[in-house]
1. With respect to the numbered conditions (1) over 47 Å from the mean Cα position of the chain (by Cα); (2) closer than 30 Å to D69 by Cα, which one is the sole condition not fulfilled by G30?
2. How many of the residues in the stretch 73-112 are assigned to a loop (DSSP other than H, G, I, E, B), under 13 Å from the mean Cα position of the chain (by Cα) and not polar (S, T, N, Q)?
3. So, in the stretch 22-72, how many residues would count as being among the hydroxyl-bearing types (S, T, Y) and part of a helix (DSSP H, G or I)?
4. Which numbered condition in (1) small (G, A, S); (2) surrounded by 15 or more Cβ atoms within 10 Å (Cβ to Cβ); (3) out of contact with any helix residue (DSSP H, G or I) (no Cβ under 8 Å at 6 or more places or on another chain) is the only one that A107 fails?
5. Return the pair list, or none, for Cβ contacts closer than 6 Å from residues in the stretch 131-158 that are closer than 25 Å to T213 by Cα to residues that are modelled with pLDDT of 65 or more and of a type in the set (K, R), at least 6 apart or on different chains.
6. Between a residue in the stretch 17-33 that is farther than 13 Å from T6 by Cα and any residue that is assigned to a loop (DSSP other than H, G, I, E, B), which pairs come within a Cβ distance under 9 Å, given they are 6 or more apart or on different chains?
7. Among the residues of the stretch 195-206, what is the count of those that are in contact with a helix residue (DSSP H, G or I) (Cβ under 7 Å, 6 or more places away or on another chain) and either closer than 16 Å to F152 by Cα or without any contact (Cβ under 8 Å) to a residue 60 or more places away in the chain (or both)?
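The values are calculated or read from the model by the stated rules, or taken from the named source; none is laboratory data. As the structure is a prediction and not an experimental result, all values here were calculated from the model. Every residue, glycine as well, gets a Cβ built from its backbone with ideal geometry; the counts of neighbours run over all protein chains shown.
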Amino acid sequence: MVGDQTDMVARLKAALPARWFADATPVLDGVLAGIASVWATHYAQLRAVIAQSRIATASGAFLDMIAGDFFGRRLGRRLTEADGAYRTRIQREMLRERATRAAMTAALSDLTGRAPDIFEPARPADTGAWNGRLGYGAAGRWGSLMLPRQVFITAYRPHGTGIAILSGWGASAAGWGHGNAGHGNGGWGDANQIAGQVSDAEIAATTAATMPTAGIAWLAIEN
């Protein structure tokens with residue numbers, strides 16, 4: 001393989017005059033192998049540095065550092081989140097649209113996997129109108145021009161997958177109160193143990209980051 005010890009030995013031998021050595025050169029091969037080992041290590045480190053300097057190929061802690069450089073602590077890795085999923089979130093957030101209704105829908109949908117309910121009391125398309133397409137008692141909600149640049153948003157928590165190796169309350173396999181499963185396979189659980197869990201604080205932060213500066217969002221978070 002390019003850059004490994006065998007490749008480096010071959011490159012070194014190719015640079016030496018062939019007439020200086022016999023066909024079998026065990027001593028020379030040993031000397032060159034020592035030099036090639038160091039070069040192969042440096043080459044591997046160089047390839048690793050190149051990979052970690054780009055979002056598309058970075059991994060592990062280097063991907064976390066890239067996220068920190070761009071977003072500070074706002075876009076941290078979730079519990080058990082794989083590099084691929086985290087990379088997708090980073091790339092999506094870098095080009096995130098802001099300050100529009102469509103941007104709010106997209107941001108919360110990407111975060112929770114569920115589209116939010118957005119109501120603007122000063123928007124006729126949301127409230128309906130007399131003798132219009134949306135009549136009183138037919139569709140829409142009460143609107144008000146006394147609430148300019150304000151929006152009511154109902155965001156929905158993502159559908160959870162539960163905590164691995166932990167059954168529900170009172171379940172025979174692992175729930176609380178059953179002696180056949182210790183803390184590793186049962187007992188009390190905590191929301192922080194849910195892989196990929198999106199917190200209410202993260203939903204609120206995403207809403208605030210997407211709103212126009214002069215706008216006001218009234219946020220409700222439901223299941």
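1. G30 satisfies every listed condition except (2).
2. Of the residues in that region, 9 qualify.
3. The number of residues fulfilling the criteria is 3.
4. (3)
5. Y156/R114
6. So the pair list comes out as L28/L16; L28/F21.
7. Total satisfying the criteria: 2.
Per-residue answers, yes or no, for (1) modelled with pLDDT of 95 or more; (2) farther than 22 Å from A209 by Cα:
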{"position": "M1", "(1), (2)": "no, yes"}
{"position": "V9", "(1), (2)": "no, yes"}
{"position": "R19", "(1), (2)": "no, yes"}
{"position": "A58", "(1), (2)": "yes, yes"}
{"position": "A67", "(1), (2)": "yes, no"}
{"position": "G76", "(1), (2)": "no, no"}
{"position": "D83", "(1), (2)": "yes, yes"}
